[in-house]
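A short worksheet on the structure shown next.
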Amino acid sequence: QDHVYCHFGTYGTAAVRRADGVVAWVNRDIQLQHSTGPGSSPIQFQDLLIFHADGMDSQAIVALDCRTGSTRWRTERSGAMSESPDQKKAFSTPLVVSLANQTLLLSPAANWLYVYDPATGQERFKVPYGETGYSVVPRPVVRGNFAYFCTGFDRSRLLCVDVSPEASEAAESRIRWTVDQRMPTMPSPLLVDDLLYLISDAGIATCVDANSGEVVWSERLGGKFAASPLLADGKIYVGNQAGELLVVRPGRELDVVASNKLDSAIMASPVAIGQQIIVRTAERLYLFEQR
């Protein structure tokens, strides 16, 4: 990977050479009204950089050429939405998966989960989840033929959706189960084996059986959360807005292994590289290393 790709929504997208920091290209063609600011992250698929462009005034998913920055395809959202411009926006990150020897692009937006061909942007199908979801932030996770995702603001719900391209039932029937209480509007779910771990914005951690949708446990961690949990070295790491980095052991009971107080709020999700974990707070960048 020779470039770092930076995406700032309507303010532009850029490729920066890793070797020397030179800006290789900038694209400012994708204009939209974010209202509260850009929040979606891009993903790379082959030679495409794909991201959501769901604003108050227009809603689409876009792919740029990684080499030149030019727009390769743009697909407008096709599903009916609320008449309120504020309830048309979304901030989630797309996900590419392989199911039944087909490559699919999962794309949560306001009121709909869209499924596209990532190479062309052609819509394959979409699943409605009603007018209780907009400003969607959490990214979906996938296990087998099922995608698990949260529906965003007003009242967030966790949905289990059959996204198999071979499913024959109507789109509305693809939803297998829902969990309607204490679900996050910002942190993404984490899937470990057959258990889903979710942390609400208000600091309530919930463990859900991915097969049945049964709530295994739900307990308060404390603090407010925006960052998503990370699985690394068999443990879950997550930070809250009070600057606490919590370490939780996965399982059918809540087991908080450690709590580490950092200097300021943790809003960004931690990342793991080899034996290292990187955490960004409001004031500093931390690197933790196993030795």
Suppose R0 equals 25 Å. What FRET efficiency, 1/(1 + (r/R0)^6) with r the Cβ-Cβ distance, do Asp263 and Glu83 give to the nearest 0.05?
0.05
Magnitude of the Cβ-charge dipole (Lys and Arg +1, Asp and Glu -1) of the chain about the Cα centre, nearest 20 debye, reported as 480 debye
Computed about the Cα centre, the charge dipole of segment 159-236 from +1 Lys/Arg and -1 Asp/Glu charges at the Cβ has a magnitude in debye, to the nearest 20, of 420 debye
Distance from the Cα centre of segment 35-56 to that of segment 85-156, in angstrom?
13 Å
Shape metrics for segment 5-108, restricted to C-alpha atoms - Rg then Dmax, Å
14.3, 47
With label points built 7 Å along Cα→Cβ from the Cα atoms of Thr71 and Ser218, find their separation and express it in nm.
4.2 nm
Reciprocal of mean inverse Cα separation for segment 101-203 (Kirkwood radius, Å):
13.8 Å
For the chain, take N as its residue count and report Rg(C-alpha) divided by 2.2 N^0.38 Å.
0.99
Which one of Pro38, Val16, Asn111 has its Cα pushed farthest toward the positive end of the charge dipole of the chain, where Lys and Arg give +1 and Asp and Glu give -1 at the Cβ?
Val16
Students sometimes get this wrong: rank Arg157, Arg182 by accessible area, probe 1.4 Å, all chains present, largest first.
Arg182, Arg157
Modelled label-to-label distance, Phe288 and Arg28, 7 Å Cα→beta-carbon offset: nm?
4.0 nm
Inter-probe distance in nm under a simple model that places probes 7 Å from Cα toward Cβ, at Gln122 and Asp180
3.8 nm
Ordering of 271-278, 133-140 by burial proxy (mean other Cβ atoms within 10 Å per residue, highest first):
133-140, 271-278
May I ask you to compute the full-extension gain from Val271 to Arg18, defined as 0.36 nm times their residue separation minus their alpha-carbon distance, rounded to one decimal in nm?
89.2 nm
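The values are calculated or read from the model by the stated rules, or taken from the named source; none is laboratory data. This structure is a prediction, so every number in the text was calculated from the model and none was measured. Reconstructed Cβ throughout: ideal geometry from the backbone, glycine too, with neighbour counts over all protein chains shown. Areas reflect the complete protein model, heavy atoms only, side chains present, ligands, DNA and RNA absent. Shrake-Rupley method; radii C 1.70, N 1.55, O 1.52, S 1.80 Å.
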